[in-house]
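Quick notes on the structure that follows.
The values are calculated or read from the model by the stated rules, or taken from the named source; none is laboratory data. Worth saying up front: this structure is predicted, and the values here are computed from it rather than measured. Quick reminder, even Gly has a Cβ in these numbers, built from the backbone with ideal geometry, and neighbours come from all protein chains shown. SASA here: full protein model, heavy atoms, side chains in, ligands and nucleic acids out. Shrake-Rupley method; radii C 1.70, N 1.55, O 1.52, S 1.80 Å.
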Amino acid sequence: MPRLPKQKYHDIERIIEIDFVRATEAAALNTLSWVGRGDKEAADAAACDAMRGMFDLMNICGEVVIGEGIKDNAPGIFKGEQLGTWMLGAPRFDIALDPIDGTTNISKGSPNSITCIAAASPEEGVKCALRDIPSFYMMKLSYGPRVVQAMQISGLKTVQLMSPVEETLIAVGQALNKRVQDVVVMMLDRPRHKEIVAEIRRVGASLRMIGDGDIAAAMAPSIPDSNIDVYMDIGGSPEAVLAAAGIKCLGGDMQSMMWPRDEAERAQLIADGYEEDLRRIFSADDLANGENIIFCATGISDSAMLRGVRTNGPSATTYSVLMRAKTKTVRFIRTLHNLQNKTIRLRSDNREHAI
C-alpha cells in the first residue's frame, strides 16, 4: 500500500483554536468552588491545574513565552514551560496566558475576572510574535476601531500616550462624535493613578474604576457594546501583551511604555540593556506581532467583555470569546455544560474529575 504524503497545514490556527477555548472553559469551571472564599492563590492553582490538564490532551508543541506566576510570586504557569503532547510533527505555538486575570476579584466574589490565552504559530519574517516585556508595569492607553479609523482618515496621530489627559479625551471624543463629558474612561483603582484620576474628573469625563482585571478592561474599548471608550492605566506588563493580542484581533490599538516602579528597577533595566526600550512607545502590533495570532478567553465573573459562569442545578453555562488576528473574526461562544456528565482533566493527578 503506498504511503500517504505528509499533510501540511497552512492554517493550523483554524484547526486547533477550539481546543484553546476548552482550556479556558476548564480553568473557569474549576475555579467555581473558590469564588468568594478569600483564597486567591487556591483559585489560581485550580485554574492552572485545569488549564495544564487540557493542554496535556492537545497535539501541539507549545512553549510559554509569557507566564502568569513569576510576576507576583503566585501559583502559575511559568515562562519556558512546555505545554501539549510535543509529538513529532505537532504544530508549534508560542503561548502567553493568564489562568485568572482578577484573582483578588475571585477571592471576594467580585466582577471582572477572566481566564485567557494568546497563542501564535511561527510566521515567516516574525522573530518575536509575543514580546516579553522585562518591566513589572507598563503605562497603557487603549482605544477601539473607530478611534483607529478616525486617525487613519485624518492622517494624524491625535491620540498619544504621552499627551495630557485633556487632549487625549478631546481627541477620543471627536473620533467617536461625543462630548468630552460623555467619554467613558476605565482604569484600575490604584494610588499610583491619583493624578490621572484628578485630571479625568477635572475635564468632566465619566470614570469607571475597577479593583482588578487589567486584560478585559484594556480590551473593553474595542469590544462592541462595552460602553467603554478608552482605557488609561499603569498595570502589569504580561497583561499588556495579552490585551494587545486581543485588541489586535478586534481592530483597536493600544499604546504602552515601560514604567519602572522605582529607581532601582530603572537602573536594573538599563543594566540589562533596555535603556532604549525604556523610551519606546509600543503599539499593539509591537507587543503581538504578525497575523498568526489567536486570542481566547472565558468569563469567570462578569466583566465588560464577557459574562461569568452561570450555574443552574445540574448544568453550568460558560461565555467565551475566540478571535483571530488574520481574519479579525470574533466569535462569542455560549456553552452549556451538563455537570452530571462533565469532567475536567487535572494535571496534578492526570485524572478526570467531576465538577
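Of all residues in region 167-189, those satisfying the criterion of being of a type in the set (A, V, I, L, M, F, W, C) and free of Cβ contacts under 8 Å to residues at least 40 places away in the same chain are 170, 171, 175, 180. Does residue 270 qualify as being of a type outside the set (Asp, Glu), over 14 Å from residue 133 (Cβ atoms) and over 21 Å from the mean Cα position of the chain (by Cα)? Yes; evaluated as a whole, the condition is true for this residue.
Condition first: in a strand (DSSP E or B), free of Cβ contacts under 8 Å to residues at least 24 places away in the same chain and either over 27 Å from the mean Cα position of the chain (by Cα) or more than 13 Å from residue 57 (Cβ to Cβ) (or both). Now tell me which residues in region 334-352 satisfy that.
Answer for region 334-352, where residues must be in a strand (DSSP E or B), free of Cβ contacts under 8 Å to residues at least 24 places away in the same chain and either over 27 Å from the mean Cα position of the chain (by Cα) or more than 13 Å from residue 57 (Cβ to Cβ) (or both): 334, 336, 351, 352.
The residues of region 312-347 that are polar (S, T, N, Q), modelled with pLDDT of 95 or more and open to solvent by 70 Å² or more (accessible area, probe 1.4 Å) amount to a single one, 338.
Of 70, 77, 15, 66, which residue is surrounded by fewer than 21 Cβ atoms within 10 Å (Cβ to Cβ), modelled with pLDDT under 95 and under 20 Å from residue 240 (Cα atoms)?
Working: 77 fails: surrounded by fewer than 21 Cβ atoms within 10 Å (Cβ to Cβ); 15 fails: under 20 Å from residue 240 (Cα atoms); 66 fails: surrounded by fewer than 21 Cβ atoms within 10 Å (Cβ to Cβ).
That would be 70, the only listed residue that is surrounded by fewer than 21 Cβ atoms within 10 Å (Cβ to Cβ), modelled with pLDDT under 95 and under 20 Å from residue 240 (Cα atoms).
For region 207-225, the set of residues classified as in contact (Cβ under 8 Å) with a residue 60 or more places away in the chain and open to solvent by 20 Å² or more (accessible area, probe 1.4 Å) consists of 210, 211, 212, listed by residue number. When each of 320, 301, 315 is tested for being over 20 Å from residue 160 (Cα atoms), in contact with a Cys (Cβ under 7 Å, 6 or more places away or on another chain) and either in contact (Cβ under 8 Å) with a residue 12 or more places away in the chain or of a type outside the set (Gly, Ala, Ser) (or both), the lone residue that passes is 320. Scanning region 195-206 for residues that are loosely packed, with under 15 Cβ neighbours inside 10 Å and either closer than 13 Å to residue 232 by Cβ or small (Gly, Ala, Ser) (or both) turns up 195, 198, 201, 204.
Per-residue answers, yes or no, for (1) in contact (Cβ under 8 Å) with a residue 60 or more places away in the chain; (2) closer than 27 Å to residue 307 by Cα; (3) crowded, with 24+ Cβ neighbours inside 10 Å; (4) in contact with a strand residue (DSSP E or B) (Cβ under 6 Å, 6 or more places away or on another chain):
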residue	(1), (2), (3), (4)
97	yes, yes, yes, yes
104	yes, yes, no, no
111	yes, yes, no, yes
116	yes, yes, yes, yes
122	yes, no, no, yes
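Filtering 226, 237 for residues that are touching a helix residue (DSSP H, G or I) at 6+ places or on another chain (Cβ under 7 Å) and under 27 Å from residue 329 (Cα atoms) leaves a single hit, 226. Quick check: anything in region 137-158 of a type in the set (A, V, I, L, M), modelled with pLDDT under 95 and open to solvent by 50 Å² or more (accessible area, probe 1.4 Å)? Within region 137-158, one or more residues are of a type in the set (A, V, I, L, M), modelled with pLDDT under 95 and open to solvent by 50 Å² or more (accessible area, probe 1.4 Å).
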